[in-house]
Each structure stands twice: as C-alpha cells, then as structure tokens.
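Below is one structure; the comments refer to it alone.
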Amino acid sequence: MKDVSYFDGGTLAFDLGKSCTGWALMNHSRLIAHGRMSFVGRDEVEMFHGLASLVDGLYVKAVSEFGLRPKVIAVEAAEHQRGEAREAYCALYISLRVKARAHLAGVAKVYSATIKKVVTGSGRASKADVVASVNQVYQTGLSSQEKSADHNVADAIGAGLAAWTLDQMGELTFV
C-alpha cells in the first residue's frame, strides 16, 4: 500500500509582500506555474480580498488544468517585519488562512533561512543567490536585480520546495 502524502494533490506557495506577493503551484518538487500579484497602492482590505481571489483562481487552475487539488499552502514566515509591512503581512496571512480552511488545506510556514538553505545550500544566501538557484533548477528567467518583484516569486517557489523537503524529512509542521 502506497503512503499518501499531503503533497500528492500539489502545493500552493506564497511569499506575501506589501507591494507584491509571489506565488507558485508545485507538485512535489516540480514547478507547475508561478507568478505575482501587485498590491501597490492598495489598503489592507483590498489586499485581503485580492489575495483571496488569487487563491481561489489558483485552485481553479490547479484542478481544471492540472488535475491537482492542493492540500498544502506553504508561506514564507515574516515575523521580523514591522510597521506597515507587518500590518500588510497580517492581512494577507489571515486571508490565506481563511482560504486554506475553505479549500481544506493546511498552512505550513517556512522560514527564510530554511528556504535559502534548501534552494542554495546556504541559510545565509542573498536574494540574488536564491533567484539564481531557482533560475538554474527551473529555468524561470526571473530577474535577480535588487528591488525586483521576481524575488517574491523566487521565494514562493523556494517556500514550496522547502515545505516538500521538510515533509520528506518528517519535519514539516502545520499552523
């Protein structure tokens, strides 16, 4: 009898950001689709509803185009943020938790050092190193320029890969 993994239905992964949220749809360690959503000029309520719509749209895409029904939502943890960035993260995180419950998925927070370690081999890697490693493995063509929204996308891909890796090691926890 085959062991069933939460990851058999795919994973949605996010890097929640005040100006841009990166996302990835993965099946185990395989990248299926990726992108970003801009939140420039939006308040927390608009961000909340925007992310909720994005999550619903990604579930429709996962089911209709790829036959997946994600049971894991991986998100980069961002407890270090302060001020407006923290408020924005909290609004987005709450939206993500609400949508996870609606789609019967678990939420797994992955810390940035873990993402960096899994993606590059070093928990102290720079954002450019993470983007370069993601480009090398997945041929995404993301930009490593400073302040590029592609950093959010690379971190989302890294969050999905790190969550799957932690699961393989028996160390993944859900919040």
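Say whether the condition of being in a helix (DSSP H, G or I), on the phi < 0 side of the Ramachandran plot and at pLDDT 95 or above is met by at least one residue in region 73-84.
The answer is no, given that none of the residues of region 73-84 is in a helix (DSSP H, G or I), on the phi < 0 side of the Ramachandran plot and at pLDDT 95 or above.
Return a yes/no flag: does region 45-66 have any residue that is within 24 Å of Gln168 (Cα to Cα) and not in a helix (DSSP H, G or I).
no
Considering only residues that are assigned to a helix (DSSP H, G or I) and in contact with a strand residue (DSSP E or B) (Cβ under 6 Å, 6 or more places away or on another chain), which ones fall in region 98-111?
Scanning region 98-111 gives a single hit, Ala100.
From the list Asp155, Asp167, pick out the single residue that is out of contact with any Cys (no Cβ under 8 Å at 6 or more places or on another chain), of a type in the set (Asp, Glu), surrounded by fewer than 24 Cβ atoms within 10 Å (Cβ to Cβ) and in contact (Cβ under 8 Å) with a residue 40 or more places away in the chain.
Unique residue meeting the criteria: Asp167.
I need the full set of residues from region 77-91 which are closer than 13 Å to Tyr111 by Cα and surrounded by fewer than 14 Cβ atoms within 10 Å (Cβ to Cβ), in order please.
Of everything in region 77-91, those that are closer than 13 Å to Tyr111 by Cα and surrounded by fewer than 14 Cβ atoms within 10 Å (Cβ to Cβ) turn out to be Glu79, His80.
Go through region 1-40 and give me each residue that's over 17 Å from Ser143 (Cα atoms), touching a helix residue (DSSP H, G or I) at 6+ places or on another chain (Cβ under 6 Å) and among the aromatic types (Phe, Trp, Tyr).
Of everything in region 1-40, those that are over 17 Å from Ser143 (Cα atoms), touching a helix residue (DSSP H, G or I) at 6+ places or on another chain (Cβ under 6 Å) and among the aromatic types (Phe, Trp, Tyr) turn out to be Phe7, Phe14, Phe39.
Being out of contact with any Leu (no Cβ under 9 Å at 6 or more places or on another chain) and either free of Cβ contacts under 8 Å to residues at least 40 places away in the same chain or crowded, with 20+ Cβ neighbours inside 10 Å (or both) is the filter here, so list the residues in region 20-35 that pass it.
Correct list: Arg30 only.
The values are calculated or read from the model by the stated rules, or taken from the named source; none is laboratory data. Keep in mind that this is a model prediction, so the values were computed, not measured. All Cβ positions, even for glycine, are placed from backbone atoms using ideal geometry, and neighbour counts span all protein chains on display.
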